[in-house]
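Trainee: Take this structure first; my questions come after.
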Amino acid sequence: MIDLKFIRNNPDLVKENIKKKFQSSKLKLIDELLEKDELYRKYQIKIQELRHQRNTLSSEIGNLKRNGEDSSKLLKISAKLPEKLEELEKIQEELLLRISEIHLQIPNMIHESVPIGKDSTQNVEIWNSGKPKNPVYEIINHAEIATALGIADFEISAKTSGNGFYYLKGDLALLNMALINFARDYMV
């Protein structure tokens, strides 16, 4: 995820990066993010000022009470501050939530050495070693092998968690746990 400070300081560079990734629909997110971020920081200042005012009033009220003077005016002012603070903090929390939502949608920066291409057909081959082998037999992927051996279930997990998830069963589940335990116990 790109640092928010970097986006704040380089919005045009981030927008150019989004264009390079052919995601022009996300360009408006940068402007919205910057707008919400600026508002968030303004509310942060207001909240800090109110807290400072609350602390100052508390101190003044304490001094007045110690000296036996009337502090009712300051108490009335002080009583309204928690409600104002709560209101501003709620707005700030909503802004922070929206900022986070937008921030997660902004793609990472592309390194300048990466060739630009819309999809895999426009990829540039940088290096090649040898000739690819074409096997004379059908290649079976790991999901098909695990299903055939009865050590993984993709259908039931798709019903509960969605496509792309799986349940490990039997020996494969034991092997998985053994590897996790080994990594946890012996790897530094």
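We did not get these values from a lab; they are worked out from the coordinates using the rules stated. These numbers come from a predicted model, not from an experiment. Positions of Cβ are backbone-derived with ideal geometry, glycine not excepted, and every protein chain shown enters the neighbour counts.
Trainee: Checking understanding here: applying a Kyte-Doolittle mean of at least 0.5 and a length along the axis of at least 15 Å (C-alpha), which whole DSSP H helices in the chain pass?
Mentor: Helix filter hits for the chain: 170-186.
Trainee: Tally Lys/Arg at +1 and Asp/Glu at -1 over every other residue whose Cβ is under 11 Å from the Cβ of Lys118; what's the total? Present the calculation step by step, with values, prior to reporting the outcome.
Mentor: On the way: positive: Lys20, Lys21; negative: Asp119.
With Lys, Arg at +1 and Asp, Glu at -1, the neighbours total +1.
Trainee: Choose one answer from Asn67, Asn163, Asn17: the residue with the largest mean-square fluctuation in a GNM of the chain with alpha-carbon springs under 10 Å.
Mentor: Residue with maximal mean-square fluctuation among Asn67, Asn163, Asn17: Asn163.
Trainee: Further question: Of the chymotrypsin sites (Phe, Trp or Tyr not before Pro) in region 95-188, which ones lie in a loop per DSSP and count no more than 16 other C-beta atoms within 10 Å? Spell out each step's value before the answer.
Mentor: Values: sites: Trp127, Tyr137, Phe154, Phe165, Tyr166, Tyr167, Phe182, Tyr186; in loops: Trp127, Tyr137, Phe154, Phe165, Tyr166.
Sites meeting the loop and neighbour criteria: Trp127, Tyr137, Phe154, Phe165.
Trainee: Counting other Cβ atoms within 10 Å of each Cβ, which GluC sites (Glu not before Pro) in region 98-188 have at most 14 and sit in a DSSP loop?
Mentor: Hits after loop and neighbour filter: Glu112, Glu125, Glu138.
Trainee: Right, another one. Compare Ile110, Ile77, Ile30 in a GNM of the chain, Cα atoms joined below 10 Å, and give the one with the largest fluctuation.
Mentor: Ile77
Trainee: What are the lysines whose alpha-carbon lies under 27 Å from the alpha-carbon of Lys131, with same-chain residues fewer than 8 places away excluded?
Mentor: Lys118
Trainee: Once you've got the Cα coordinates, tell me which of Lys5/Lys84; Lys5/Lys36; Lys42/Lys84 are over 18 Å apart.
Mentor: Lys5/Lys84
Trainee: So, counting K/R as plus one and D/E as minus one, what does the shell of residues with Cβ under 9 Å around Phe22 add up to?
Mentor: On the way: positive: Lys19, Lys20, Lys21, Lys118; negative: Asp119.
Every neighbour counted, the sum reads +3.
Trainee: Taking trypsin sites (Lys or Arg not before Pro) as exposed when DSSP calls them loop (any state but H, G, I, E, B) and at most 12 other Cβ atoms lie within 10 Å, what is the longest stretch of the chain free of them, the sites themselves excluded?
Mentor: That gives 1-117 as the longest site-free run.
Trainee: Excluding Lys73 itself, what net charge comes from residues whose Cβ is under 14 Å from its Cβ, given Lys and Arg +1 and Asp and Glu -1? Working shown, then result.
Mentor: On the way: positive: Lys65, Lys76, Lys80; negative: Glu60, Glu69, Asp70.
Value of the local net charge: 0.
Trainee: Could you pull out the chymotrypsin sites (Phe, Trp or Tyr not before Pro) across region 1-73 that fall in loop regions by DSSP (anything but H, G, I, E, B) with no more than 11 other Cβ atoms inside 10 Å? Walk me through the intermediate numbers first.
Mentor: Values: sites: Phe6, Phe22, Tyr40, Tyr43; in loops: Phe22.
Sites meeting the loop and neighbour criteria: Phe22.
Trainee: Would you mind telling me which residue in Asp153, Asp12, Asp37 has the biggest mean-square fluctuation in a Gaussian network model of the chain, where springs connect alpha carbons within a distance under 10 angstrom?
Mentor: Asp153
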